Every structure is written in structure tokens, then in C-alpha cells.
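The values are calculated or read from the model by the stated rules, or taken from the named source; none is laboratory data. Values in this document were obtained by computation on a predicted structure and should not be read as measured data. So basically every Cβ, Gly included, is an ideal-geometry build from the backbone, and we count neighbours across all protein chains shown. To get the accessible areas, we keep the full protein, side chains included, count just its heavy atoms, and leave off ligands, DNA and RNA. Shrake-Rupley method; radii C 1.70, N 1.55, O 1.52, S 1.80 Å.
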Amino acid sequence: MTAPKASHGAPPERARAFSVSIVHSDARSAAEEAAEELLEGLGGPPDLVFCFFSAELDAAQVLAGLRGRLPGLPDVVGCSSYAEVGQDEALTRSVTALGLRLPGLRWQAFAHPASDLSSAELGRRIGEEIRPLRPEAVFLFPDVLRQNATQLLHGLQSVLGTELPILGGAPADSGTFTRTFQICNDQVLSGGVCGVALRGGVRIATAARSGYHPVGAPRTATRVESGNVLLELDGQPALRIYRDFLGARASEMPAVSVEFPLGVLDDSRATEAYSPLVRAIFRVDEERQALILGGDLVQQGAHGSRIRILRATREDVVKGAVAATQEAVAQVPRPDLALVFNCMSRKVVLGPRYKEECAAAYRLLPHDLPRAGFYTYGELSPHAGASAHHESTFTLALLELRGETA
């Protein structure tokens, strides 16, 4: 647990942000260089640093490099990534850091290691920990290889309410789904959750779009266990239904499932602009003929969630990112910074063209707007009026940090 912090004194200026990405084979050297550029770009030490770094780099060395070169021991929060989103483009094998100077704002970093607590209980504990701050936004980085992000989010919302914007992403590794890392101040975690809560005139615009569109017939999830183990669709084995849809491409499983996630439908919002909540298929259970999903299915009525198989071309994926950016910019046209949390599956679908997605989104943002982010194992962003756990989705947060007035 950490105590809330504040930037003291009358704020002489608005909050400032600066983003840097350093590609280097040595983790500590990359982090040290990033720290030096943050100091120069901000004109002094940051109060808070978001750091997203390649899973190929040693987390402890990244943290040591940053903390060793940044005076005043600012809060440092972040995690390992499948790839990074920097100031100019999406990239790989980098240390990407976004430094913030926060006059007139308050914030509280937090970290909880892996434990025997349920994800819902852990979420409630985090909520109680940061509730005295009365946060206006929370950034959360849960390890979904150990935590159930959907239930963690619901636990947090049970304390702080569903209207609070909760954003972030799940740490990633290099695509092996074996071990990811989080950093928070002097801690390196694996299997836990870390994040930061903000308060002080925070105005935030968010958007979450996948670009995927339904291609299969609507189905009902008639049997689900533990929230994310889909056993039956319309009373039939879920894996068999899925394979029947894929036809000849079923032989490409599990890799092909990246192209064909599931969409959780909300028929009351079924418009052309509506983007369904996406659930990725992490793996299959042959014995039980089950699909193991990355996030829980959201109950939509008494008879189970309504499901459709989704698909997207490379062009659809890019259009989804553009639509999300347009939506957010319309709400906050003059932000102080942007944070991007993008699913690793979208990078896989785009292949060598993966840079096109962020490039298309960036053309809609102010050229000099500080921005950073990473490719995740799942995203957190408001959806249909409340923050939700997404997958295969491009999520964007634009923040205006005005500071509290006396």
C-alpha cells in the first residue's frame, strides 16, 4: 500500500507530459537513456512515470535504470508488453516511458503481489485502498495469467462505483502466455496487479473499438463455468460449433482463433456504430469440448449471453482504431496526453503491417501530443456506460489534466 501523493504549492502551469522510446538490447541502458530524455523533455524530474517495456527485457533492470537516474524517486508504474506504442509509432523491443509533471493533482500508486485472494476480493481491497483519494480515473495493469480481470474489475467497481473510468491493460510476454511482469516503484511483480489512481480536475475521453464484425449466426451461451469456460452454445458443445464454422480452417487451430474471436451482443445497442464486447479464445479443452476465453462472458438476460463469431480484415482492424480515435477526439479535442492499450492479437492479424494501425490513429491527434502505450493480453476501458474488460480491441484514453483549484 502507498499513501497518496500531491504536487504541492499553487500550480504555476498546467500538467506536462513527455514520451520517449529507447530501443536497446540492454535493459538497464535503455531505461537510463529513457530517464535522461524524460528529464530533458520535462525540464525537470517527473512526478509520475508510466513505463511499458518489451517482455524480452529484464524487468528489474528496467526499473533500476529508471529509478537510478530520476531524482526525487517519482512513482513508476507499468508492465511488460508484447510490443510498445511510442510517441511516433508502434514498435518492438523498447523501453517506452511517459513522464508526467502534475501541478495541482493528487495520485496514488498501488501494487499487490500474487496471493490466494480471489480476483474479486483483490479488486475490493484495491478499491478500499484508493477510495479516500476519491479518484477521477484509475489505471490498472492486472496479470491475466493469474488474475481474472473481469472479476477484478467488478470487485473494484463494487467499492468505487461503475461510473469511474478504469483503464489499462494486461501485461504481456512475447506470445508464449507463460509469465509477465509489473513494476511499481521499487517492486517487480509477476501474477499480481498494479496501477495508479488520479484526482485533480481530470477530464477523460475514452473509446474502445475492435473493427471486427459478426459473421456467424447468433448463438446463446447455454453452459458456462467460472465465467470464461464456454462449454455449450445452443445446447451443443462449443468447440464443435466453432470448428464447424471454421470448416477447412479448423486444422489451423489454435492460431486461427486470433482471426475469429467471439462477440458478446447487446441487442438493445445493435447499431452500425456499435462495437460488441470481444472475447478472445485463449485455448481449447478437447476433452470437454470447451472454449477457454480470456475474459468472462457478460450475462445478457435470463437465458445466457448472446454470442456471434467475429472476423476482421486488416483494413477492418485499422478502421476500428480510426473510429475509436475519432470518438475520443470529439469529446476532448485538446488533451494533455494520450494512452493507448491495444491487443496483441491485432498486431498478429496485421502482421508486417502492424504499424499502420497506430499511424492511422495518430493522424487524427495533435502532432505534438505526448502519447504512449502497449500491446496487451486484454484491455480495460469504458463500454456501454461502465468500464469493462475487452480483448482484440483498440482502446484509447485522452486526458486533460486541469489541476484542482483552491
Checklist entry - Any residue at all in segment 163-170 that is over 17 Å from residue 112 (Cα atoms), in contact with a strand residue (DSSP E or B) (Cβ under 6 Å, 6 or more places away or on another chain) and open to solvent by 10 Å² or more (accessible area, probe 1.4 Å)? => result yes
Checklist entry - Somewhere in segment 62-79, is a residue buried (at least 24 other Cβ atoms within 10 Å of the Cβ), at pLDDT 95 or above and touching a Pro at 6+ places or on another chain (Cβ under 8 Å)? => result yes
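Assess whether residue 206 counts as being open to solvent by 10 Å² or more (accessible area, probe 1.4 Å) and either touching a Phe, Trp or Tyr at 6+ places or on another chain (Cβ under 6 Å) or free of Cβ contacts under 8 Å to residues at least 40 places away in the same chain (or both).
On the way: open to solvent by 10 Å² or more (accessible area, probe 1.4 Å): yes; either touching a Phe, Trp or Tyr at 6+ places or on another chain (Cβ under 6 Å) or free of Cβ contacts under 8 Å to residues at least 40 places away in the same chain (or both): no.
No; evaluated as a whole, the condition is false for this residue.
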Next on the checklist: Given the options 120, 83, name the one that is of a type outside the set (D, E, K, R), at pLDDT 95 or above and surrounded by fewer than 20 Cβ atoms within 10 Å (Cβ to Cβ).
Outcome noted: 120
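For segment 45-53, state whether one or more residues are of a type in the set (D, E, K, R), open to solvent by 20 Å² or more (accessible area, probe 1.4 Å) and in contact with a Phe, Trp or Tyr (Cβ under 8 Å, 6 or more places away or on another chain). If you could, list the steps in order and put the result at the bottom.
Here is the first cut: in segment 45-53, the residues of a type in the set (D, E, K, R) are 47.
Filter again for open to solvent by 20 Å² or more (accessible area, probe 1.4 Å), leaving 47.
Checking which are in contact with a Phe, Trp or Tyr (Cβ under 8 Å, 6 or more places away or on another chain) leaves us with 47.
Yes; the residues of segment 45-53 include at least one that is of a type in the set (D, E, K, R), open to solvent by 20 Å² or more (accessible area, probe 1.4 Å) and in contact with a Phe, Trp or Tyr (Cβ under 8 Å, 6 or more places away or on another chain).
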Next on the checklist: Every residue in segment 221-236 that is open to solvent by 20 Å² or more (accessible area, probe 1.4 Å) and not in a loop (DSSP other than H, G, I, E, B), please.
Outcome noted: 222, 223, 224, 225, 229, 232, 236
Next on the checklist: Looking at segment 25-39, I want the residues that are under 14 Å from residue 49 (Cα atoms) and have a partner that is among the hydroxyl-bearing types (Ser, Thr, Tyr) with Cβ atoms under 8 Å, at least 6 apart or on another chain. Which pairs are those?
Outcome noted: 34/21; 34/96
Item to check | Which numbered condition residue 365 fails, given (1) in contact (Cβ under 8 Å) with a residue 60 or more places away in the chain; (2) out of contact with any Gly (no Cβ under 8 Å at 6 or more places or on another chain); (3) not β-branched (Val, Ile, Thr) | outcome: (1)
Item to check | Number of the exception - residue 160 against (1) over 27 Å from residue 332 (Cβ atoms); (2) free of Cβ contacts under 8 Å to residues at least 60 places away in the same chain; (3) in contact with a helix residue (DSSP H, G or I) (Cβ under 9 Å, 6 or more places away or on another chain); (4) of a type in the set (A, V, I, L, M, F, W, C) | outcome: (1)
Next on the checklist: Step by step: first the residues of segment 88-107, then only those that are polar (S, T, N, Q) and not in a loop (DSSP other than H, G, I, E, B), then the one that is nearest to residue 27 (Cα to Cα). Which residue is that?
Outcome noted: 94
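Go over the candidates 249, 209 one by one and state the one that is charged (D, E, K, R), closer than 21 Å to residue 388 by Cα and in contact with an Asp or Glu (Cβ under 9 Å, 6 or more places away or on another chain). Before you say what the answer is, go through the steps one by one.
On the way: 249 fails: closer than 21 Å to residue 388 by Cα.
209 is the lone residue from the list that is charged (D, E, K, R), closer than 21 Å to residue 388 by Cα and in contact with an Asp or Glu (Cβ under 9 Å, 6 or more places away or on another chain).
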Item to check | Residue among 40, 56 that is modelled with pLDDT of 95 or more, over 25 Å from the mean Cα position of the chain (by Cα) and either open to solvent by 80 Å² or more (accessible area, probe 1.4 Å) or closer than 22 Å to residue 82 by Cβ (or both) | outcome: 40
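Taking strands (runs of 3 or more DSSP E) that fall entirely within segment 264-318, which contain at least 3 residues that are open to solvent by 20 Å² or more (accessible area, probe 1.4 Å) and at pLDDT 85 or above? Before you say what the answer is, go through the steps one by one.
Values: elements: 277-279, 281-285, 290-293, 306-311.
Strands (runs of 3 or more DSSP E) meeting the threshold: 281-285, 306-311.
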Checklist entry - If the Cβ limit is 9 Å and pairs must be 6+ apart or interchain, which residue in segment 173-189 that is closer than 12 Å to residue 79 by Cβ and open to solvent by less than 80 Å² (accessible area, probe 1.4 Å) pairs with which residue that is of a type in the set (Ser, Thr, Tyr) and part of a strand (DSSP E or B)? => result 173/80; 173/81; 180/80; 180/81; 181/80; 182/80; 183/80
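Among the residues of segment 250-261, which ones are open to solvent by 30 Å² or more (accessible area, probe 1.4 Å) and either more than 26 Å from residue 209 (Cα to Cα) or hydrophobic (A, V, I, L, M, F, W, C) (or both)? It would help to see each step written out before you state the result.
As a first pass, look at segment 250-261 and keep what is open to solvent by 30 Å² or more (accessible area, probe 1.4 Å): 251-255, 258-259.
Answer for segment 250-261, where residues must be open to solvent by 30 Å² or more (accessible area, probe 1.4 Å) and either more than 26 Å from residue 209 (Cα to Cα) or hydrophobic (A, V, I, L, M, F, W, C) (or both): 251, 252, 253, 255, 258.
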Next on the checklist: Any residue that is out of contact with any Lys or Arg (no Cβ under 9 Å at 6 or more places or on another chain) and surrounded by 24 or more Cβ atoms within 10 Å (Cβ to Cβ) - is there at least one of those in segment 97-116?
Outcome noted: yes
